[in-house]
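Each value in this text was obtained by applying a stated rule to the coordinates, not by laboratory testing. Computed from a predicted structure; not experimentally measured. All Cβ positions, even for glycine, are placed from backbone atoms using ideal geometry, and neighbour counts span all protein chains on display.
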Amino acid sequence: MAEQTKTAEDVFELVRENDVRFVRLWFTDVLGHLKSFAINPTELERAFERGIGFDGASLTGFNSVEESDMIARPDPSTFSLIPWRDDDEADTVARMFCDIEVPGGHPYEGDPRWILKRAIKRAQDLGFDDFIVAPELEFYFFRSSRPENGIPEVLDEGGYFDLTTLDAGSDVRRETVLALEKMGVHVKSSHHEAGPSQHEIDFKQSDALDVADAIMTARIVVKEFAMKEGWHATFMPKPLGGHNGSGMHIHQSLSKGGENAFFDPDRPTGLSSTAKSFIAGQLRHAGEMTPLYAQWVNSYKRLVPGFEAPVYLSWSRRNRSSLIRVPQTGGEGSGARAELRCPDPACNPYLALAGMLQSGLEGIEKGYDLPEPMEENLYHLGPDEMARRGIEHLPATLGDAIEEAADSEMVLRTLGEHAFRRFIELKRQEWEAYRVQVTPFEIENFLPLL
């Protein structure tokens, strides 16, 4: 999310000016885990010209051992100094995100960053400039990652927007935001969220690739600054039973000719036909795309009615129980947007944003009609009433979600055959390992009775 694009020459100059001793090259595996290796600055010229080779067989979802040679080519526009190291450490460290290639210089089709780039290319082929997004990243601070009694220990009992001594993490959150700004991640606002020890950082809108890089950056920066206090920060979607889970609502629009393509001043709602078809596409394909937005078995503990987690395939202007909300903009065209509320902050942001964009573009290309908005609280409607109105819901478990995705041509086209096959396989393994567990709940409730 840098204000101006850095070139390779800019990187060489910044390395000299700051006496950078190590450059970390960042990328993700198919599940969104951040991977990194460091190179000496003397290797930068080679890295930009030919890339740096590595063994991809050991990375989750990458090629098998007989096709393991991979190349990481750094993107100079993502260069940034790493700000969380101690001031008295002499060795300055920087980082750059990489695009992954196979020998010969072709993009590796399992690279999540390339999958998002391919979706953006489709939007550009349809005449749009950029896919503009702004995420709201929620997370929790806990005393430790391994609580003795099995229940994470919170730092405060603060609630939504609290600004009191109850908010034990406010200073750490402030330091985190300052570090993100130094790394080119522009933060619009931050605050205490509804859960105890829960926080939120909201990004300024930018193009999707920059935002995906920014989300990956924020996840490690939040954790690093929590660790400095001896705490543990987590983006786990539902770490505390009975409290709000952590979501990642994403505001989105398309730009065309330098203008917001979602805005039409001649329509009473201000929403253009482009926006309506885009939203209709996301609603129609939300079920099959769910594993890209809610990637883990724990994600579905958050996606239940209540706790402000949307599960119903509807849209609204004010109702936060709908999957997609269209915030009021006060008639300003630049603010017209759609907020998708089901993603969580533990997803792979490259895949999630690719799925969002591909679904919306499908609606635009095929001219999907947008149903009427649902402005009432859907949590108050019973199953029979929901069925009568034809309101569908997201899959209830990762098992349901991944099987729906496995049958989806849209998900296949979004990920490409290589990443699709590996992602489905990994998620089926996760669901099966979870499904066969005998849980403390079962022992406590059934062992004495059955």
For M227, M374, M96, which order do you get if you count the other beta carbons within 10 Å of each Cβ and list the fewest first? M227, M374, M96
Relative contact order, percent, of the range 118-441 when contacts are C-alpha pairs under 8 Å separated by at least 6 residues? 19
For the range 8-108, with only Lys/Arg (+1) and Asp/Glu (-1) charged at the beta-carbon, what is the dipole magnitude about the Cα centre, in debye rounded to 20? 180
For K188, list the lysines whose Cα falls under 27 Å from its own Cα; do not include residues on the same chain fewer than 8 positions away. K6, K117, K204, K223, K228, K238, K256, K276
Aspartates and glutamates whose Cα lies under 17 Å from that of K121, excluding same-chain neighbours fewer than 8 positions away: D99, E109, D111, D129, D130, D207, D210, E362, E365
Quickly estimate the mean residue ellipticity at 222 nm for the chain, helices only: each DSSP H run with n ≥ 4 gives -39500 (n - 2.57), and the total goes over all residues, rounded to 500. -11000 deg cm²/dmol
Over all distinct alpha-carbon pairs, what is the Kirkwood Rh of the range 118-441 in angstrom? 20.3
Largest fluctuation, E392, E372, E403 only, Gaussian network model of the chain with Cα springs under 10 angstrom, belongs to E372
With springs only between Cα atoms under 10 Å apart, run a GNM on the chain and tell me which of T78, T269, T176 wobbles the most. T269
Of E404, E362, E43, which is the most mobile in a GNM of the chain whose springs link Cα atoms less than 10 angstrom apart? E43
Within a 10 angstrom radius of the beta carbon, how do K188, K6 rank from fewest other beta carbons to most? K188, K6
Global size of the range 133-243 as Cα Rg and Dmax, reported in angstrom: 13.6, 43
Using θ = phi - 60° and the Karplus relation 6.51 cos²θ - 1.76 cosθ + 1.60, list the HN-Hα couplings for the range 357-370 in order, rounded to whole Hz, with x at every Gly or Pro. 5, 4, 5, x, 5, 4, x, 5, 4, 9, x, 4, 8, 8
With every atom except the alpha carbons ignored, what do you get for Rg and Dmax of the range 8-108, in angstroms? 14.2, 45
What ³J(HN,Hα) values, in whole Hz, does the Karplus curve 6.51 cos²θ - 1.76 cosθ + 1.60 give for the range 207-224 when θ = phi - 60°, with x put for Gly and Pro? 6, 4, 5, 4, 5, 4, 4, 5, 5, 4, 5, 4, 5, 7, 5, 4, 5, 5
